[in-house]
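Below is one structure, written out as structure tokens; comments come after it.
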Amino acid sequence: MGYILNIETATKNCSVALAKDGETIFCKEIAEEGYSHAERLHVFIEEIIKEAGITFKDLSAIAVSQGPGSYTGLRIGVSAAKGLCYALEIPLIAVDTLQSLASQVTVSSGLIIPMIDARRMEVYSAVFTPNFEQKREVLAEIITENSFENFQETLYFIGDCSEKCKSVLTKENFVFLDKVVYPSAKGMSVISFEKFKINDTVDVAYFEPYYLKDFMVTSSKK
């Protein structure tokens, strides 16, 4: 089995991981307020290939985070992934961003709620079982004290918006991780490998990121 290069750029975290048989062997990532993905991504890719002692021809597939997330971040990641797939003539694998974020939680019961900040009190979220099976669809939702009230199980929240949600989501069955956690290419390795084994790939020419919301362009106030 060859190598799979995983690319994650859906949030502030610019992340690249090289995996073999579903195991991450190299990872480079940085989370910055300025969204330096355009400057960092290709550098990370080249550095990982060099450090692994392989060539681009050793790659069997490219996996990319499909969203939801930052419009610009997703465009950068998908464009890079497509370019590599075209040049190397290898398949493209799309990985759900919230599923890979949920995979960073290890629990035996309850439900996992991965959340990505979508400005103000809005988040992108989904609901997964401890086995990372999706129990509720992805939504762009405004968090209120009534959010997730239909779930009686213990809910484990993970993501980059815990601080703004803690003061609103206060029910006894709500558990927040103590730190900010971004989607990472490391969390894609197992998922992309399983997809590769069953030939679950996307069309390189026509694949588009899952933005969930329309891209909003605002005019300058100057």
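The values are calculated or read from the model by the stated rules, or taken from the named source; none is laboratory data. Bear in mind that the values here come from a model prediction, so they are computed numbers and not experimental data. Cβ placement follows ideal geometry from the backbone for every residue including glycine, while neighbour counts extend to all protein chains displayed.
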- prompt: From the residues in the stretch 16-46 that are out of contact with any strand residue (DSSP E or B) (no Cβ under 6 Å at 6 or more places or on another chain), outside any strand (DSSP E or B) and among the charged types (D, E, K, R), which one is surrounded by the fewest Cβ atoms within 10 Å (Cβ to Cβ)?
  reply: Glu33
query: When you look at Thr9, is it in the same structural domain as Met188 (by TED's automatic domain parsing), touching a His at 6+ places or on another chain (Cβ under 9 Å) and surrounded by fewer than 15 Cβ atoms within 10 Å (Cβ to Cβ), yes or no?
result: no
- line: Pro91 passes all but one of the listed conditions (1) closer than 16 Å to Tyr182 by Cα; (2) touching a strand residue (DSSP E or B) at 6+ places or on another chain (Cβ under 6 Å); (3) modelled with pLDDT of 95 or more; the exception is number (1)
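Yes or no, residue by residue, for (1) surrounded by 14 or more Cβ atoms within 10 Å (Cβ to Cβ); (2) of a type in the set (Ser, Thr, Tyr); (3) over 22 Å from the mean Cα position of the chain (by Cα):
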position	(1), (2), (3)
Glu133	no, no, no
Glu137	no, no, no
Gln152	no, no, yes
Leu155	yes, no, no
Ser167	no, yes, yes
Leu177	no, no, no
Val180	yes, no, no
query: Here is a list of conditions, (1) crowded, with 19+ Cβ neighbours inside 10 Å; (2) farther than 28 Å from Ile191 by Cα; (3) in contact (Cβ under 8 Å) with a residue 40 or more places away in the chain, and Ser147 meets all of them except one; can you say which number that is?
result: (3)
task: Working carefully through the options Ser70, Ser60, Ser79, find the one that is of a type outside the set (A, V, I, L, M), in the same structural domain as Lys20 (by TED's automatic domain parsing) and in contact with a Gly (Cβ under 6 Å, 6 or more places away or on another chain).
output: Ser60
message: For the stretch 89-102, check the following and say yes or no: at least one residue is under 28 Å from Asp200 (Cα atoms), in the same structural domain as Ser189 (by TED's automatic domain parsing) and surrounded by fewer than 17 Cβ atoms within 10 Å (Cβ to Cβ).
response: yes
